[in-house]
Amino acid sequence: MSFRNFKDKIEEGDTVILYLSNHLHAIEVKPEIKNKKGELIENVYQTTFGALKVRNLIGSEYGSKVELSKGWGHVLQPTPELWSLTLPHRTQIIYTPDISMILLQLDLVPGCVVIEAGTGSGSLTHALIRRIRPHGHVYTFDFHDHRAMLAREEFEAHGIADFVTAQHRDVLAEGFGEDLNGKADAVFLDLPSPWTGVKHAVDAMKNEGGRFCSFSPCIEQVQRTCLALEEHSFQDISTMEILQTELKVSRRTIPVRDLSFLKHKSSNNPVEEKPSSEKNYIVGAWPATAPGHTGYLTVATLPPQYIRTKCKADKDMMEDSKADNQIELQTSDHENGKMCIAENP
Amino acid sequence: MSFRNFKDKIEEGDTVILYLSNHLHAIEVKPEIKNKKGELIENVYQTTFGALKVRNLIGSEYGSKVELSKGWGHVLQPTPELWSLTLPHRTQIIYTPDISMILLQLDLVPGCVVIEAGTGSGSLTHALIRRIRPHGHVYTFDFHDHRAMLAREEFEAHGIADFVTAQHRDVLAEGFGEDLNGKADAVFLDLPSPWTGVKHAVDAMKNEGGRFCSFSPCIEQVQRTCLALEEHSFQDISTMEILQTELKVSRRTIPVRDLSFLKHKSSNNPVEEKPSSEKNYIVGAWPATAPGHTGYLTVATLPPQYIRTKCKADKDMMEDSKADNQIELQTSDHENGKMCIAENP
Amino acid sequence: MIPHGTKRNKEYRLELAEETYSLKQEITLKASGADNRNIYDDGRSQKLSAVEIDELKFDSNKASDIVETIITNSTTFHNKTEFSQEKYLKKKEKKYFEYVQILKPNLRNISEIMYKLEPNKIQGIRLDTLSQIITLSNVSCEGNHLLYDSGSNGLLAAALLGAMGSRANGKLVHMHPGNMSQKQALLAMNFETEQYNKCISVNVYSVLRQLYQGCDTHTVEKEDSTLKRKAVDALEHDVKVSKLENTENATSNVDIVNTGDENKLLSPKKPKWHFDNIAASEVLSNKVDSLVVASKEDPQNIFLELLPFVKPGRPFVIYYSVAEPLQSLYITLKCLSNVAALKLTCNWMRNYQILPERTHPEVMMNSSSGFLLTGYVLQ
Amino acid sequence: MIPHGTKRNKEYRLELAEETYSLKQEITLKASGADNRNIYDDGRSQKLSAVEIDELKFDSNKASDIVETIITNSTTFHNKTEFSQEKYLKKKEKKYFEYVQILKPNLRNISEIMYKLEPNKIQGIRLDTLSQIITLSNVSCEGNHLLYDSGSNGLLAAALLGAMGSRANGKLVHMHPGNMSQKQALLAMNFETEQYNKCISVNVYSVLRQLYQGCDTHTVEKEDSTLKRKAVDALEHDVKVSKLENTENATSNVDIVNTGDENKLLSPKKPKWHFDNIAASEVLSNKVDSLVVASKEDPQNIFLELLPFVKPGRPFVIYYSVAEPLQSLYITLKCLSNVAALKLTCNWMRNYQILPERTHPEVMMNSSSGFLLTGYVLQ
């Protein structure tokens, strides 16, 4: 229940983050677990610093030190960011740099209604929930029934089920459902063919308009999505890529090599010609390998209804006027291409 | 003539680089120039530090200080790198980070024969010439007759005409010419539709194979070029992007604000609560704006003739076996697309 | 936008547009060249003189007429590639077709405008970095949060307060080192009064003195700054323009509106800052759920002084525009070992042009994102 | 590559391939799913046991047969998307179809191999940064050049010597601080003797002593290191393997061949280094046309000591793996004002996957390129 409110002390049922010298572990605080035979046994969590009796966590304060059999660690209350780093991966997940930008680009504040597809491992969902609480709501969909169920159970266990509805649904084929028509402030898509979801996003958004964001690893997905967004009168269509690098900070001692003494014949020739002194730097080193690509974020604004229809009409006129135009030809090319990897209904 | 050999002193006809507190200027050392009326007059170069009598440069040493009417500067012997920063732009040019990678990726060393299309402003050409000298040769083509002529004049003036043949030719339509068949170690393309040049590159390369590189700003150009390279049995096809940032280094004094005194009631209350001390750092600041994209480099190896044909046969077989396959469909899509912006013959 | 006034001192009159036009739609392109091989740049391609074009501008009402005339008189336009023609029209569109759209202010457009206009006035905090300050500090409708900000013109306070929402309990203590807090972005957000009042802006010296030394000390020395504050608050009330124009060519500074009804401020005896200090020091003594520091000063002292006010297990985020002071603080904190999961990060962000046959990253990028030092407080 | 030997101690026998096969070409994909909605990851999708698959590997000669059997026994393969199927085949291809191609060594493949295997052994000099060291130092068939390198295993000497070419006049003075120079990459390039001999590798102390103090001094102290050198050179002659395998799974260290015919080295009395020192100090006293420093030591001292040997107007390039020592040197040089166009740069490089419908940057990148401080020497 530890995702709902700020807490001072650990209670049974909480999920806690165990911090061990730069390693993070998420632990569900259950004093007992079932073994393979189905018998309840003492819950002991194994770490590189030895065993942790999970029962002992109950009642201790967040931020405090906990004893392990061969050392110690600290327990933190989970945040969506810590959860992203420790959650069980059911799919590729979206990490904090992209999540943060998605939240900002979708103009989300407490009270907003936001649609997410697909749910995946729930990494983004947790951050969406935090942002739209206490009066908003997240509707999240996954076409994989098992994943949708696991997500539902997880939100329940984390005490945030009140703010989220997790459903199993193939939204590209079926849309978000009539209940959500005109209800959403923002729609986020992380799907293999997001362009087919754009029309559903238009249906789901409020009359006063809203924001759209799509996360796609491949540029072809982005290109099709941008075309679909333009066709549906979206404005301010913009695509970006976010990467984050962690600098490795350390104090480094660098040898200094003196060569000046060689200019003068001297009677005492040094036998060892080693570096003569040292210089200290605090250096921030770029890591040898770092994430090089997560996905492209494509964002756009759906204008209010009354402008929307007008733009739409303009658009149609424009399309007509250049039917035999090269750009138009290009568009239809893309639409042919679309069929190649379109989802089966 | 100052691009040919390392020189100690400036002679008439040299191009020199004038360095003025982080500004670089390329100056042709001509004592007199023609004015608008066609009369020969004294050549005076105007700078932010006043006038420079170009005649006075003759005989002075490279690297030395030169007097200007309101200050002074230094003269450097031009390198292809300094030239890239100062040359007259007749087109978009390629800069040193990309140039360097192109030279390395093309496996160029003295003695190589390399083809370049188009010549553009000759930024890359100068670097190619330096690398393949003294026994190699650069064949460079431009479809713009005036540009080809200007380039020819420039190579002549720079004293490097022996190592380069600059021609006016539409190589995408006409190829590189029969004379070059089987002659090149490497081919570089910087053209709007490089994929149509791939077959000509194959013709021009030596029987023992060679390296190919294409520079394109748009991803669609890269996609088509990669397909064309695969169709023509190229190996190790690889695409990359190079960016360079210049860090602004400075000594920065940062105020330190003491707050600890507030913990204690003290009789002498400070009236001014300004930062109490300072800390010094040498900082390397990232610039607010920097080049975000120049172009994608696509490189590949053409294997030796005897392997090439075999691969080609394999390929054909493979293509046949999946004629009704989705990937194939995709390829033909791209070929349709190609027509849209293909060059007129 | 209809231009009037002289060339030097341009003014525009706004007219409600029933329809919008785009040049590409109005002007039919008849012929285009395959490439630029026949184009010579000799500065003589336009047959109309600058004066003639200017006259055209004042005579003609429909911009497409102007541009069509210009094209007709260009010797090179029809030889240009289709791509170059489009680029040309886009440039002309910007010059002769100007629309303004009135948007509701929100953190995204306010921070984008402030970053574009004067990144130095918001310590160079780029959009992606700002977005991460909000998430990594775990700010939500719950809890109390502490911000030390010595120069982002209220952007960070606006960002955090926005994420805290209205109709919830938390407070944001917004510490600043100056005589008055910078509120430009905070005011620009058009927060409702209830939400706006959740932000308690206090001078760092006053509030810490209040906290450590109790009430009613040093009132004498404060007289002077009180007067200054009153003047400023009064001034703010005069600012009337309430809309932010999100046009590309908006180069003037952002106008602000004061949403607060803080008239009690002008009531006699105890000034508002007096009560703010008391309220803020109460929040601090109960400890807060996150700490954000974005200082122009060296962050080390400030962070170490404010760390004791953060509950154990909670996150902190320190922003600085260059890495070196954060690297130095990193080493200090590693030695103190009172924080967990310490990380120094740097962001990279690039925008893309997505157009059929012309997809590529944007040619210029903002390569300076600033740096974040983040972690969690231990007991 | 045909595997034999045990699992733990794999050995391969090479066989000349008349034709190459790719799995995608051999195996016809019958059915594929539209997405992964019906795939549950329970580790039970492969009906064959690991032991059964191993047996298959030894019984079957054609890899496509093996993989076809594996696919037939997979419960999920036919439900996977076409994309996942291809990925799966690629993985299997790597496991069961292994070809080796013998390539001619050149700077590109040697530096790529060295960077991939152990970037630390070449000071983390990435391909793009290496390429810029060569251009920015303006090395060509002309002129004499000076390199100080304390730890790139000969990569920088190989890079510069390669660009200098054969049948031309220049010399490369390759200074190192150790008893013997690192030559791994230099030898791997298979330079002709004439070109190889243009590189004069000398100990920095010996050559400067030679230069400043003249011949024949300190021969006594050198005895010891001479012996060491002889041993090493002899050892190098024993290394026979001359080809570099450019296979993806090459994880062993790169083998090298000695191209030099330096038998005179073993001749009595004056060792080769003695003549090398004289030759190098002659080059230095006539001054060089460029200076490259890639030290593990702080670059400041070394650069300032070697700067006097560079002709005015010529470029220098200083590489270091982190920025801080170069920032410090930058400040020093700005004060001395004996250099022009001083620049500290950092590179960014990313590779792309270009495939129909699946074009994207590679998911992992090398974010550490090292830093270059470049400029031109003034009189």
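The values are calculated or read from the model by the stated rules, or taken from the named source; none is laboratory data. Treat the numbers as computed from the prediction; the structure is a model and nothing was measured. When we count neighbours, we look across all protein chains shown, and the Cβ atoms used for this are built from the backbone with ideal geometry, even at glycine. Remember, those area values only see protein heavy atoms, side chains included, never the ligands or the DNA or RNA. Shrake-Rupley method; radii C 1.70, N 1.55, O 1.52, S 1.80 Å.
Side notes on the structure shown:
- Every residue from the stretch B:264-286 that is modelled with pLDDT of 85 or more and surrounded by 13 or more Cβ atoms within 10 Å (Cβ to Cβ): B:LYS279, B:TYR281, B:ILE282, B:VAL283, B:GLY284, B:ALA285, B:TRP286
- Selected residue [more than 30 Å from C:LEU211 (Cβ to Cβ), within 12 Å of chain C (Cβ to nearest Cβ) and at pLDDT below 50] from B:HIS293, B:HIS334: B:HIS334
- Of note, A:GLU11 does not satisfy the criterion of being surrounded by fewer than 18 Cβ atoms within 10 Å (Cβ to Cβ) and within 9 Å of another protein chain (Cβ to nearest Cβ).
- Output for the stretch A:29-40, where each listed residue is among the hydrophobic types (A, V, I, L, M, F, W, C) and either surrounded by 12 or more Cβ atoms within 10 Å (Cβ to Cβ) or touching a residue at least 40 places away in the same chain (Cβ under 8 Å) (or both): A:VAL29, A:ILE33
- Residue within the stretch A:122-129 that is outside any helix (DSSP H, G or I), surrounded by 22 or more Cβ atoms within 10 Å (Cβ to Cβ), modelled with pLDDT of 95 or more and not polar (S, T, N, Q) present: yes
- Residues within the stretch B:25-40 that are at pLDDT 95 or above, assigned to a strand (DSSP E or B) and among the aliphatic types (A, V, I, L, M), tallied: 2
- Checking C:GLN132, C:GLN182, C:GLN195, C:GLN210 one by one, the residue that is buried (at least 23 other Cβ atoms within 10 Å of the Cβ) and more than 20 Å from C:LEU373 (Cα to Cα) is C:GLN210 and no other.
- For C:HIS174, the conditions (1) surrounded by 24 or more Cβ atoms within 10 Å (Cβ to Cβ); (2) within 12 Å of the chain's Cα centre (by Cα) all hold with the exception of (2).
- Candidates B:THR245, B:THR289 - the one that is touching a residue at least 40 places away in the same chain (Cβ under 8 Å), touching a strand residue (DSSP E or B) at 6+ places or on another chain (Cβ under 8 Å) and not assigned by the TED database to the domain that holds B:THR91: B:THR245
- From D:GLU112, D:GLU142, residue being closer than 22 Å to B:LEU108 by Cα, in contact with a Phe, Trp or Tyr (Cβ under 8 Å, 6 or more places away or on another chain) and of a type in the set (D, E, K, R): D:GLU142
- Just one of the listed residues (D:LEU291, D:LEU304, D:LEU284) is in a strand (DSSP E or B), closer than 20 Å to D:ASN203 by Cβ and in the same structural domain as D:SER137 (by the TED database), namely D:LEU291.
- Residue in the stretch D:274-283 that is at pLDDT 85 or above and open to solvent by 50 Å² or more (accessible area, probe 1.4 Å) present: yes
- Comparison of C:ASN138, C:ASN120 shows that the only residue that is free of Cβ contacts under 8 Å to residues at least 12 places away in the same chain, open to solvent by 10 Å² or more (accessible area, probe 1.4 Å) and in the same structural domain as C:CYS346 (by the TED database) is C:ASN120.
- If the condition is being under 29 Å from the mean Cα position of the chain (by Cα), closer than 24 Å to A:PHE6 by Cα and open to solvent by 20 Å² or more (accessible area, probe 1.4 Å), then the stretch A:41-64 contributes only A:GLU61.
- The residues of the stretch A:88-103 that are open to solvent by 10 Å² or more (accessible area, probe 1.4 Å) and either in a helix (DSSP H, G or I) or in contact with a strand residue (DSSP E or B) (Cβ under 7 Å, 6 or more places away or on another chain) (or both), listed by number, are A:ILE94, A:THR96, A:PRO97.
- Residue within the stretch B:173-182 that is farther than 22 Å from B:LYS199 by Cβ and open to solvent by less than 20 Å² (accessible area, probe 1.4 Å) present: no
- With respect to the conditions (1) crowded, with 20+ Cβ neighbours inside 10 Å; (2) under 27 Å from the mean Cα position of the chain (by Cα), D:GLY313 lacks only one, and its number is (2).
- Being part of a loop (DSSP other than H, G, I, E, B) and in contact with a strand residue (DSSP E or B) (Cβ under 9 Å, 6 or more places away or on another chain) holds for only one residue in B:PRO134, B:PRO78, and it is B:PRO78.
- Among the residues of the stretch A:105-117, the one identified as at the interface with chain C (Cβ under 7 Å from one of its Cβ atoms) and open to solvent by less than 10 Å² (accessible area, probe 1.4 Å) is A:GLN105.
- Residues located in the stretch B:277-291, provided they are of a type outside the set (S, T, N, Q) and in a strand (DSSP E or B): B:GLU278, B:LYS279, B:TYR281, B:ILE282, B:VAL283, B:GLY284, B:ALA285, B:ALA290, B:PRO291
- Checking each residue in the stretch A:165-210 for being touching a residue at least 60 places away in the same chain (Cβ under 8 Å) and of a type in the set (Asp, Glu) picks out A:ASP170, A:ASP185, A:ASP190, A:GLU208.
- Every residue from the stretch B:211-260 that is over 21 Å from the mean Cα position of the chain (by Cα), on the phi < 0 side of the Ramachandran plot and more than 9 Å from every other protein chain (Cβ to nearest Cβ): B:ARG224, B:ALA228, B:LEU229, B:GLU230, B:GLU231, B:HIS232, B:PHE234, B:THR253
Matching residues to (1) open to solvent by 10 Å² or more (accessible area, probe 1.4 Å); (2) part of a helix (DSSP H, G or I):
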site	(1), (2)
D:GLU142	yes, no
D:LEU147	no, no
D:SER152	no, no
D:LEU161	no, yes
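- Hits in the stretch D:318-376 (condition: out of contact with any strand residue (DSSP E or B) (no Cβ under 8 Å at 6 or more places or on another chain) and either more than 7 Å from chain A (Cβ to nearest Cβ) or assigned to a strand (DSSP E or B) (or both)): D:THR332, D:CYS335, D:LEU336, D:SER337, D:LEU355, D:PRO356
- Members of the stretch C:340-368 found to be of a type in the set (Ser, Thr, Tyr), within 18 Å of the chain's Cα centre (by Cα) and closer than 17 Å to A:GLY292 by Cα, listed by number: C:SER367
- Restricted to the stretch C:112-140, and to residues there that are under 10 Å from the mean Cα position of the chain (by Cα) and part of a loop (DSSP other than H, G, I, E, B), the residue that is nearest to the other protein chains (Cβ to nearest Cβ) is C:GLY124.
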